[in-house]
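Everything on this sheet refers to the single structure shown next.
None of the figures in this text is laboratory data; all of them are computed from the coordinates on show. Everything quoted here is computed from the prediction, not taken from an experiment. Cβ sites come from the backbone with ideal geometry, for glycine too, and all protein chains shown count toward neighbours.
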Amino acid sequence: MRSPMLLQVAQLARRSVIRTLRQPAVIVPSVLFPMLLLAVNSGGLQPATNLPGFPADSYLKFAFALPFLQGTLFAATAAGTDLARDIETGFLSRLSLTPVRPAALLIGQLAGTVVLAVFQGVVFLSIGLVIGVTPEAGVGGAVMLVLFMALLALGFGGIGAWLALRTGNGEAVQGLFPLLFVGLFLS
Amino acid sequence: MVATISDETITRQERKRGSGIEVEGLVREFRKGPRAVDGISLSVAPGEIYGFLGPNGAGKSTTVLMLTTLLPPTAGVARVAGHDIVREGPKVRAAIGAALQEAALDPLLTGREHLGLQAALHGLPKQERKRRGEALLERVGLTEAADRKVGGYSGGMKRRLDLALALVHNPRVLFLDEPTTGLDPQSRSALWQEVARLAHEEGVTVFLTTQYLEEADQLADRVGIIDRGRIVAEDTPAALKAQVGRPSVEAVPANPKDRAAIQRTLERFGDLVTTQSSAVAVRLSRGDLTDVVRALDVEGLPVANLKLNAPTLDDVFLAKTGRSLEGAGESEGEQG
């Protein structure tokens, strides 16, 4: 007996989301850290707006896009680490003994990442509203921003999952985070 | 009068049909190591409990990984439930249930969530998933703990949940890789009872690896003893022990100064056997326990304890490999 692909994805996604929701230690830093970094940077680098040709009159508004990217990195690292842990504990072997399709396994695993990214996006936008930073494109722009975050989390999550499958080691996946973080600033 | 066969009997017969294991010349080599499994051949009949006994590193777990399609063999052929493990992996996986060496559970999920996930991935309809989950939770005694996160379960509870997960889709063949390692005697006994019931009442074929002599002796219909990747002996526990021969007699002197005299007396009945205590032991080749008691009485040698040791599977292992099973694998590689 083989369950439909969609059911398999839904079941694995449910597990991934439950896992994420039951780990406050994953959720809290992924929201808090990008906001703290934003506060520090915008406080110290405000004089940069006086430079000729600087595109904004507030560094806070200028740098507000950065937490959205950093947040997805947190989510993606969590996705890779979760998969690596499943390999280490043998849970992936257990799942492999069911008729689950490999694609369903991966997509389901990344679902928690996407949920976390959407949650981060909503929190960041809410904080933006409070401190007076709003998307110029209005509600549509905000929705697009959250969708963009989800997509980005899928992409970064895919890299994390690939590394987890290659190494089967959670520490190796966590080592990816600083690398991507530095890459973020270079971009 | 028309003879009728109950549905249960029919189900059992259907389950038994084509649910054995056939292995021929199975080999597994790892890149930087010796052959973990070195050309083993065995056959497990439908509904039989086959005990795969050996020390750590003997090749037990590697064999299970190959038979459950999680590890491709380097050479050889194996059919599980009538399907080739290399060419018909999905069919093999649909027919088997497995509880591997470490209870692979998600500490953040509850027992009930584990069963729901496993049942859904096996394609059970929603109502059936719930019914089956409840029945299995009750069978393994986890109903009360069903909604607790598995991270808080004891070792025994995790093992029981592991077994329930392996049974969720009514497998015809069940692989249990050292299922009682680390369990307390009570949990171990409960698991043995459940495994025996599955095989003898439901006709499930059980392939059980263990390093516990008692487990293989009590539970298995037949035992295969594996050492360094090769099967060194295979038969029913009783037949294997009969191959080793006669029992030994062990006497603990009541007075330590009598030890030498007791040893001389016992040597009249057979060859000395090494013991780890102050006891004197001989493998009986002449006479029996009554003759030993009479001889000690005639010589006036009091003993604090006198014991007749029937041959064990460890004696079989010793006879076949020249080493004792207990501790035999400690210095060997840890590749299952």
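Observations on the structure shown:
- Magnitude of the charge dipole for chain B, about its Cα centre and with charges confined to Cβ atoms of Lys, Arg (+1) and Asp, Glu (-1), is about 600 debye.
- Summarising the label geometry, the points placed 7 Å from Cα in the beta-carbon direction at B:Glu138 and A:Ala137 lie 5.6 nm from one another.
- Using θ = phi - 60° and Karplus 6.51 cos²θ - 1.76 cosθ + 1.60, couplings along region B:310-321 (whole Hz; Gly, Pro as x): 6, x, 10, 5, 5, 5, 5, 4, 4, 5, 7, 10
- B:Leu306-B:Arg148 pseudo-label distance in nm [points 7 Å out on the Cα-to-Cβ vector]: 5.1 nm
- Residue-wise HN-Hα coupling along region A:165-180, computed from phi with Karplus coefficients 6.51, -1.76, 1.60 (Hz; x: Gly, Pro): 5, 6, 9, x, 9, x, 5, 5, 5, 5, x, 6, 4, x, 4, 5
- Computed from the Cβ-Cβ distance with R0 of 41 Å, the FRET efficiency linking B:Glu201 to B:Thr275 stands at 0.45.
- Secondary structure note: in chain B, about 65% of the DSSP beta bridges are antiparallel.
- Under the shape rule built on the C-alpha gyration tensor, where the axes satisfy a ≥ b ≥ c, region B:88-163 is oblate, since a/c reaches at least 1.5 while a/b does not exceed b/c.
- Relative contact order %, chain A, counting alpha carbon pairs below 8 Å whose residues are six or more apart: 34 percent
- Anisotropy class of chain B from Cα gyration tensor, a/c 1.5 cut: prolate
- Cβ-derived FRET efficiency at R0 56 Å, B:Arg31 paired with B:Glu299, nearest 0.05: 0.35
- Here region A:26-135 has an Rg and Dmax of 18.8, 63 Å, counting Cα atoms alone.
- Label-to-label distance, A:Val28 versus B:Gln186, with points set 7 angstrom from Cα along the beta-carbon direction: 3.7 nm.
- Estimated FRET transfer efficiency (A:Arg101, A:Ser126; beta-carbon r; R0 30 Å; 0.05): 0.20
- Stretch gain in nm, segment A:Leu151-A:Ala56, where the contour uses 0.36 nm per residue and the Cα spacing is subtracted: 31.5 nm
- Shape category assigned to region A:109-187 from the gyration tensor of Cα positions, a/c cut at 1.5: prolate
- With a 10 Å cut-off around each Cβ of A:85-92, the average count of Cβ atoms from other chains is 4.
- Counting only residues at least eight positions apart within a chain, or on another chain, the lysines with an alpha carbon under 22 Å from that of B:Lys307 are B:Lys241, B:Lys257.
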